[in-house]
Amino acid sequence: AYLASYPYAVVTVSHERALLDSCSRIVEICGGKTYQYAGNYSYFLEEKESRRAALESQRSKQQGEIDKLQNFIDRFGAKATKASAAKSKQKAIERIELVDVPQETQTRRMALKL
């Protein structure tokens, strides 16, 4: 009850799912970037997975387009009639900003003997 009415931010490190699900906003720090999720921990997990799937799909589409352009360059780069088109496609490949898909974090297990 006290934390719910606390007017400032609280950084919490916890493995207690019930406590994390009582949070109203989650901020993830991944790969030097921050991602904010308005909702509890369960919502965060769902949204994180859907964001990752969307980025992977976008990256796959980009790679398909790059492969298509590269195929054109390989086929017609040496022909005098298509050389300028091949150069144009090469420049198009260089202009593409690749979508960055965050890597899965590895879970490490630890055993304590007391």
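Here are the numbers:
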quantity: Helix-only [θ]222 nm of the chain, DSSP H runs n ≥ 4, -39500 (n - 2.57) each, per residue, nearest 500; calculated: -16500 deg cm²/dmol
quantity: Ranked order, S50, S24 - accessible area, probe 1.4 Å, largest first; calculated: S24, S50
quantity: Calculated FRET efficiency for the pair S88/T34, C-beta based, R₀ 35 Å, to 0.05; calculated: 0.35
quantity: Net lengthening on full extension, H15/T81 (0.36 nm per residue, minus Cα-Cα); calculated: 17.3 nm
quantity: With DNA, RNA and ligands ignored, accessible area of F76 (1.4 Å probe; Å², nearest 10); calculated: 40
quantity: Heavy-atom accessible surface of the chain: percent carbon and sulfur, 1.4 Å; calculated: 52
quantity: Crossing angle, helix 41-76 versus the chain [Cα axis fit, 0-90 degrees, rounded to tens]; calculated: 10
quantity: Probe 1.4 Å, accessible area per residue of the chain, Å²; calculated: 86
quantity: Of T12, F76, G39, farthest towards positive along the dipole that unit charges on Lys, Arg, Asp, Glu beta carbons give the chain; calculated: F76
quantity: Whether the chain is rounded, prolate or oblate, judged on the alpha carbon gyration tensor where a/c under 1.5 counts as rounded; calculated: prolate
quantity: Candidates K79, K48, K61, ranked by Gaussian network fluctuation over the chain, Cα under 10 Å, top entry; calculated: K79
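The values are calculated or read from the model by the stated rules, or taken from the named source; none is laboratory data. On a predicted model such as this, the values are computed, not experimentally measured, just so you know. A quick note on method: Cβ atoms are made from the backbone with ideal geometry, for glycine too, and the neighbour counts reach across all protein chains shown. Protein only, heavy atoms only, side chains kept; ligands, DNA and RNA dropped before computing areas. Shrake-Rupley method; radii C 1.70, N 1.55, O 1.52, S 1.80 Å.
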